[in-house]
1. Once you compute Rg and the Kirkwood Rh from C-alpha atoms, what is the Rg to Rh ratio for the chain?
2. Helix 13-48 sits at what angle to the longest principal axis of the chain, using alpha carbons and giving 0 to 90 degrees rounded to 10?
3. Once R0 is set to 35 Å, what does the formula 1/(1 + (r/R0)^6) return for the Cβ-Cβ distance between LEU22 and ARG57, expressed as a FRET efficiency to the nearest 0.05?
4. Accessible surface of GLU44 in the full protein assembly, 1.4 angstrom probe, to the nearest 10 Å²?
5. Roll a 1.4 Å probe over the protein chains and send me the accessible area per residue for the chain in Å².
6. Before rounding to the nearest 500, sum -39500 (n - 2.57) across all DSSP H runs of length at least 4 in the chain and divide by the residue total; then give [θ] at 222 nm in deg cm²/dmol.
7. Which Cα, out of VAL70, SER40, ALA16, lies furthest along the positive dipole direction of segment 8-75 (beta carbon charges, K/R +1, D/E -1)?
8. In debye to the nearest 20, how big a dipole does the chain give about its Cα centre with +1 on each Lys and Arg Cβ and -1 on each Asp and Glu Cβ?
Amino acid sequence: MLSTILNEVLSLQPLAALGAALGAAITAIGAGLGIGKIGSSAMEAIARQPEAAGDIRSNMIVIAALIEGVALFAVIVSALAIFIK
């Protein structure tokens, strides 16, 4: 029974690599859109309240770094799914 399961898993390896690559691509696109939205919203907020520019900018940088970290984590997991057999 174990050999049957192992054969099935090995036969799905190319499909798993395709899924991991698609996951990495979607993650990168999502992170880019999220950081773009943060930048856009921060510029609008600074235009409305110029005196709060420092606070808005620092919060924007922290949130962008968190999004970037999650995106990097997802891409690394996808790469591990491709290369670890």
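1. Value, to two decimals: 1.30.
2. Its long axis makes an angle of about 0 degrees.
3. 0.55
4. About 100 Å², rounded to the nearest 10.
5. 74 Å²
6. -32000 deg cm²/dmol
7. Result: SER40.
8. That gives the chain a dipole magnitude of about 100 debye.
The values are calculated or read from the model by the stated rules, or taken from the named source; none is laboratory data. For clarity, every value in this text was computed on a predicted model and none was experimentally measured. Quick reminder, even Gly has a Cβ in these numbers, built from the backbone with ideal geometry, and neighbours come from all protein chains shown. We work out accessible area using only protein heavy atoms, side chains counted, and drop any ligands, DNA or RNA first. Shrake-Rupley method; radii C 1.70, N 1.55, O 1.52, S 1.80 Å.
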